[in-house]
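All remarks here apply to the structure that follows.
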Ligand SMILES: O=C(O)[C@@H](O)[C@@H](O)[C@H](O)[C@H](O)CO
């Protein structure tokens, strides 16, 4: 079965998505997500200029060889653009292999390790009481795990605060929106938020929180310690993870579990954090960490250290990534949780999918392949709309981490 064509499809049904479609001479095709939020066209160019030409004529069944060829063969290894492009190819080839075998992808990976995939939803409120209500709404919808983010008094445009309700979308403008960050206000506020959430919703619901890379190591240690009485499922991205030694310091001070990895693109980014047991959950995703092929390797390494998978699943990861991630999650022995930010109805219509939500769990479905397709005619109706992620500054104007 040879690759006969490969095409990049860019569409904006509410937000931008980049999709790679690989066709074979056997008539079977596969779909891969190649979306890198705010940098979409860089991946489009990488795929069109450097990847598609070397795919034509290759044996579609040789997934590992294609991965190694694109990774080693480029000489310039790693990086989000390269690894997102490799992920798109890898995901499309796994889709083809599973379709050709007439099996859902999770069967090819080794079969289901569980009945369903525990997911967490996003409750975002402008203030404490609205966030308490939003968490309640998710509990009513059946969620067993909810991430809570709230507006912080005195902080304009805090991360995670909804403009709409169900569909938080930070990439909102052609030029980056400027937000202001205030660590003191944030650190004074967050423990009060979780105290109130536990008071309102009791001890059993799993609560998560995303710090979004904004603290210094000692501040993150302080936050983790302050949150201990409220038993978080995890505290996500407490510090920017380029400085991995920071996690040693944080770990000495708190037993609040830590999740990191959504901006990682290689197993090498994860290695020290996993081997030194500095994190509890690894958040690498199918789309940004080189596809199913590398994600399996990361998960196997993590399993040796009781680190569990908690894949990134924001709306900027397309339904194709969600579908592929759910097959991975259903199989992976060391599974923790899957992030699930619902896509809009427009996005769902462009990407018909087999996965379904029921009572706090998602199931990838049993359609052959990863179970997600693209309606190309509909996709054409939504042209690319350039949007970038916001930036953050401290009150005195200093650039900070958004
Ligand atoms: O935990 C998360 O899902 C976030 O950190 C993301 O929403 C992140 O901000 C976006 O994926 C950036 O594109």
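The values are calculated or read from the model by the stated rules, or taken from the named source; none is laboratory data. Nothing here was measured: the structure is a model prediction, and the numbers come from that model. Cβ sites come from the backbone with ideal geometry, for glycine too, and all protein chains shown count toward neighbours.
Some points to look at:
- Criterion (within 22 Å of residue 347 (Cα to Cα), away from the ligand (no atom under 16 Å from the Cβ) and in contact (Cβ under 8 Å) with a residue 40 or more places away in the chain) met by exactly one of 34, 88, 61: 88
- Number of residues in segment 361-386 that are touching a residue at least 40 places away in the same chain (Cβ under 8 Å) and either crowded, with 17+ Cβ neighbours inside 10 Å or under 17 Å from residue 32 (Cα atoms) (or both) equals 16.
- Set 148, 185: member being out of contact with any strand residue (DSSP E or B) (no Cβ under 9 Å at 6 or more places or on another chain) and either closer than 30 Å to residue 364 by Cα or in a helix (DSSP H, G or I) (or both): 185
- The lone exception for residue 286 - which of (1) in a helix (DSSP H, G or I); (2) more than 25 Å from residue 207 (Cβ to Cβ); (3) within 16 Å of the ligand (Cβ to nearest atom) it fails: (1)
- Test: residue in segment 39-51 that is surrounded by fewer than 20 Cβ atoms within 10 Å (Cβ to Cβ), closer than 12 Å to residue 3 by Cβ and outside the structural domain of residue 325 (by TED's automatic domain parsing): no
- If you go through segment 332-356 and keep only what is crowded, with 24+ Cβ neighbours inside 10 Å and more than 16 Å from the ligand (Cβ to nearest atom), you end up with 332, 350, 351.
- Odd one out for residue 84 among (1) crowded, with 24+ Cβ neighbours inside 10 Å; (2) outside the structural domain of residue 52 (by TED's automatic domain parsing): (2)
- Of the residues making up segment 185-193, one or more are modelled with pLDDT of 95 or more, over 21 Å from residue 340 (Cα atoms) and within 16 Å of the ligand (Cβ to nearest atom).
- With respect to the stated conditions, residue 307 is more than 13 Å from the ligand (Cβ to nearest atom) and either under 11 Å from the mean Cα position of the chain (by Cα) or within 16 Å of residue 237 (Cβ to Cβ) (or both).
- The residue that is nearest to the ligand (Cβ to nearest atom), among those in segment 113-138 that are surrounded by fewer than 17 Cβ atoms within 10 Å (Cβ to Cβ) and under 16 Å from residue 362 (Cα atoms), is 114.
- Within segment 201-228, no residue satisfies the criterion of being in contact with a helix residue (DSSP H, G or I) (Cβ under 6 Å, 6 or more places away or on another chain) and loosely packed, with under 15 Cβ neighbours inside 10 Å.
- Looking only at segment 55-73, residues that are farther than 23 Å from residue 371 by Cβ and buried (at least 16 other Cβ atoms within 10 Å of the Cβ) come to 4 in all.
- For segment 311-331, the set of residues classified as in contact with a strand residue (DSSP E or B) (Cβ under 8 Å, 6 or more places away or on another chain) and more than 13 Å from the ligand (Cβ to nearest atom) consists of 319, 320, 323, 324, 326, 327, 328, 329, 330, listed by residue number.
- Selection from segment 332-378 of residues that are touching a strand residue (DSSP E or B) at 6+ places or on another chain (Cβ under 7 Å) and either at pLDDT below 95 or assigned to a helix (DSSP H, G or I) (or both): 341, 350, 376
- Within segment 156-182, tally of residues that are within 16 Å of the ligand (Cβ to nearest atom), surrounded by 18 or more Cβ atoms within 10 Å (Cβ to Cβ), farther than 30 Å from residue 356 by Cα and at pLDDT 85 or above: 1
- Exactly one residue among 259, 226, 220 is within 16 Å of the ligand (Cβ to nearest atom) and in a helix (DSSP H, G or I), and that residue is 220.
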